[in-house]
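In what follows, a structure is listed as structure tokens, so that the remarks can point back to it.
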Amino acid sequence: MKKILYTLTCTAVLASSVMADFTRVEMGAGAWMQTPKGTATYTESGANGLYTSSEKEETSPYIWAAIKHPIPVLPNLRLEYVSLKDSGRASGQFKDFTITSASTTLSYDMKQYDIIPYYNILDNTAWITLDLGLDIKIINASYRAAPSAPFAGYSDSVIFPIPLLYARARVQIPSTDIGLEADIKYISTGNSTVYDARAKVDYTLGFFPVIKPAVEIGYRVQKIDINEDSIDAKLDIDFSGVYAGLMFRF
């Protein structure tokens, strides 16, 4: 977590110092209080494994940074990170292991890295901002089936990218330091749908001259529904809940 925050900070500072034409750098960090829900199944050659979430509330850290510049032909850049965890019951036969006890717990840690090049369609025009772009969501998921005699346990990890369309809209309330904002990352293909949507309100402490701190609070919903005939593992999981954090504008 500290390494990721340090990397994002260095990236923003270095970019703004090397290219003096940048008009704005923003970054933030906070916590997402969300409840995981859903299932994962594995079916191949008679195998039939099932994972079901215990639906316990989790608190997940998130970090983001955005760099906007005045060169029209080049996209701006937004980077995001969030770490999601869940645990639940597993049963049946999976690719490399077989659950032999009804009390076996399976847990996973899903780190998500979003790389978002985007274009600023409206930039506080009549107090409205509109961004459109592409999100490459890189998921690094590690999972572990806990030992439960006579099962010895199992652990593994997988990394895979998901491309999504990105849109963000913001309204700055006139004569105030209050902003209303929503964004969505979305793709739907075949029988699969993935989206990540947020809506928030933020308040900027405008009396600081150079670095303007702000607070943000909102609601976030994420859905990962992957159900393709060519893939043996099927996912139908979602995360939803309130998030809150601090922001800094340069």
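The values are calculated or read from the model by the stated rules, or taken from the named source; none is laboratory data. Bear in mind the structure is a predicted one, so any value in this text is a computation, not a measurement. All Cβ positions, glycine included, derive from the backbone under ideal geometry; neighbour counts span all protein chains shown.
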Exercise. Can you name the number of the only condition in (1) touching a strand residue (DSSP E or B) at 6+ places or on another chain (Cβ under 8 Å); (2) more than 22 Å from T39 (Cβ to Cβ); (3) of a type in the set (G, A, S) that A197 fails?
Worked result: (2)
Problem set entry | strands (runs of 3 or more DSSP E) (entirely within segment 23-111) containing at least 3 residues that are in contact with a helix residue (DSSP H, G or I) (Cβ under 6 Å, 6 or more places away or on another chain) | 58-68
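Just name the residue that is nearest to L106 (Cα to Cα) out of those in segment 131-152 that are touching a residue at least 40 places away in the same chain (Cβ under 8 Å) and assigned to a strand (DSSP E or B).
Result: A145.
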Exercise. Take the residues of segment 210-250 that are outside any strand (DSSP E or B) and not polar (S, T, N, Q): which is nearest to A66 (Cα to Cα)?
Worked result: F250
Exercise. Within the bounds of segment 214-226, is there any residue that is of a type in the set (D, E), within 24 Å of S53 (Cα to Cα) and touching a residue at least 60 places away in the same chain (Cβ under 8 Å)?
Worked result: no
Problem set entry | Failed criterion for K85 (all others in (1) touching an Asp or Glu at 6+ places or on another chain (Cβ under 7 Å); (2) at pLDDT below 90; (3) within 30 Å of A149 (Cα to Cα) hold) | (2)
Exercise. So which pairs qualify, if the first residue must be in segment 23-38 and closer than 13 Å to L84 by Cα, the second must be of a type in the set (D, E) and in a strand (DSSP E or B), the Cβ gap must be under 7 Å, and the two must be at least 6 apart or on different chains?
Worked result: Q34/E58; P36/E58; P36/D86; K37/D238
Exercise. Does N124 meet the test of being closer than 28 Å to V221 by Cβ, in contact (Cβ under 8 Å) with a residue 40 or more places away in the chain, surrounded by fewer than 14 Cβ atoms within 10 Å (Cβ to Cβ) and not hydrophobic (A, V, I, L, M, F, W, C)?
Worked result: yes
Exercise. Does any residue in segment 71-98 that is within 17 Å of G46 (Cβ to Cβ) come within less than 6 Å, Cβ to Cβ, of a residue that is of a type in the set (G, A, S) and surrounded by 18 or more Cβ atoms within 10 Å (Cβ to Cβ) six or more places away or on a different chain, and which pairs are these?
Worked result: G92/G49; Q93/G49; F94/G49
